[in-house]
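Here the structure is laid out as structure tokens; the discussion comes afterwards.
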Amino acid sequence: MTHPYAELDRPPLSPRPLRAALIRPGGLWTALDVVAATGSTNADLMDLDAPTGTVLVAELQVAGRGRLDRAWNSPARAGLTFSMLLRPTVDRLHWSWLPLLAGVALADAVSGYADVPARLKWPNDLLLGEDRQKAAGILAQVSGDAVVIGIGLNVATRQAELPPGATSLAAIGATRADRDPLLRAILRGIEARYLGWIEADGDAEASGLRAAYRDRCDTLDRDVEITLPDGGSYRGVAYDIDAAGRLVVDERTFAVGDVTHVRPG
């Protein structure tokens, strides 16, 4: 049976009520815009000398990229495709936690709003449902004193529009799959996590970020294979996230790599 959300019209997002709900004195978000289409929201923000807390949302992104330069495509108004520009006031050594911070807030918002199991695959994938299918990716890029964090989340995407191994809130049968309130929940969650992290001077342990990520990370206690940027690979058991946000596999730590969860047998 086709889930009813898969047949709904895909209404556009309206920037004015989003700004009214999210931009406030003393808050993180300072500017928000919604565009009908663009190549990449990350690239657009990296080209701008924008203030910290700037958010750019695209109804259609035609040249979006994920980690390892993979393409990220979604039909118009079917998902949430947006980027945030932040200028962290903490030591750059702690900036590696920012995509993980966004992942925790994303998982919390999706599970809380849509009432579906949401887990994280290190370092940047959101997995939904008992089958742990990918529904979102996160890409963080540094530009000078700024970090641009992009999120692509499948919301109302039909199963036939998804690549193999992917899912969306509609495809998984979520009870709620409306983009406007979901975007508000995600951005409020990122704001709360980020301000707490800044207050702790970027310390993931003191801010509770490390514990929160470990609690939501589906990669831990699994047999994994990591494909490295140089083409090499390593297989072992992932058992921790260290103080720098790196994945600990056996006695080795990895700051980057493409992780595959190896199924038993």
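The values are calculated or read from the model by the stated rules, or taken from the named source; none is laboratory data. Note that the structure is predicted; figures quoted are calculated from it, not measured. Positions of Cβ are backbone-derived with ideal geometry, glycine not excepted, and every protein chain shown enters the neighbour counts. Ligands, DNA and RNA are stripped out before the accessible areas are found, and what is left, the full protein with its side chains, is counted by its heavy atoms. Shrake-Rupley method; radii C 1.70, N 1.55, O 1.52, S 1.80 Å.
Below, the figures for the structure above:
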quantity	calculated
Some residue of region 221-230 being open to solvent by 70 Å² or more (accessible area, probe 1.4 Å), of a type outside the set (Asp, Glu) and over 21 Å from Trp197 (Cβ atoms)	yes
Qualifying positions in region 171-180 - touching a helix residue (DSSP H, G or I) at 6+ places or on another chain (Cβ under 8 Å) and either open to solvent by 50 Å² or more (accessible area, probe 1.4 Å) or not in a helix (DSSP H, G or I) (or both)	Ala171, Ala174, Thr175, Arg176, Ala177
Selection from region 51-60 of residues that are buried (at least 19 other Cβ atoms within 10 Å of the Cβ) and within 23 Å of Tyr194 (Cβ to Cβ)	Gly53, Thr54, Val55, Leu56, Val57, Ala58
Close pairs from region 119-134: first acidic (Asp, Glu), partner crowded, with 20+ Cβ neighbours inside 10 Å and at pLDDT 95 or above, Cβ under 6 Å, at least 6 apart	Asp125/Gly137
The lone exception for Ala206 - which of (1) out of contact with any strand residue (DSSP E or B) (no Cβ under 7 Å at 6 or more places or on another chain); (2) closer than 26 Å to Leu153 by Cβ it fails	(2)
Meets criteria (open to solvent by less than 30 Å² (accessible area, probe 1.4 Å) and either over 13 Å from the mean Cα position of the chain (by Cα) or modelled with pLDDT under 95 (or both)) for Ser74	yes
Criterion violated by Arg235 - all others in (1) open to solvent by less than 40 Å² (accessible area, probe 1.4 Å); (2) modelled with pLDDT of 95 or more satisfied	(1)
Members of region 193-208 found to be part of a helix (DSSP H, G or I), touching a residue at least 24 places away in the same chain (Cβ under 8 Å) and farther than 19 Å from Ala31 by Cβ, listed by number	Arg193, Trp197
Residues of region 173-203 classified as farther than 30 Å from Pro15 by Cβ and touching a strand residue (DSSP E or B) at 6+ places or on another chain (Cβ under 9 Å), total	0
Residue tally, condition within 24 Å of Asp91 (Cβ to Cβ) and hydroxyl-bearing (Ser, Thr, Tyr), over region 217-255	1
Residues that are part of a loop (DSSP other than H, G, I, E, B), open to solvent by 60 Å² or more (accessible area, probe 1.4 Å) and at pLDDT 95 or above, drawn from region 138-170	Asp145
Number of the condition not met by Asp125 [criteria: (1) over 23 Å from Leu220 (Cβ atoms); (2) buried (at least 18 other Cβ atoms within 10 Å of the Cβ); (3) at pLDDT 95 or above]	(1)
Wholly enclosed strands (runs of 3 or more DSSP E) of region 209-265 bearing at least 3 residues in contact (Cβ under 8 Å) with a residue 24 or more places away in the chain	222-227, 233-241, 258-261
Matching option when the condition is open to solvent by 30 Å² or more (accessible area, probe 1.4 Å) and under 20 Å from His261 (Cα atoms), among Arg214, Arg193	Arg214
Of all residues making up region 41-62, the number that are within 21 Å of Arg179 (Cα to Cα) and either modelled with pLDDT of 95 or more or in contact with a helix residue (DSSP H, G or I) (Cβ under 9 Å, 6 or more places away or on another chain) (or both)	11
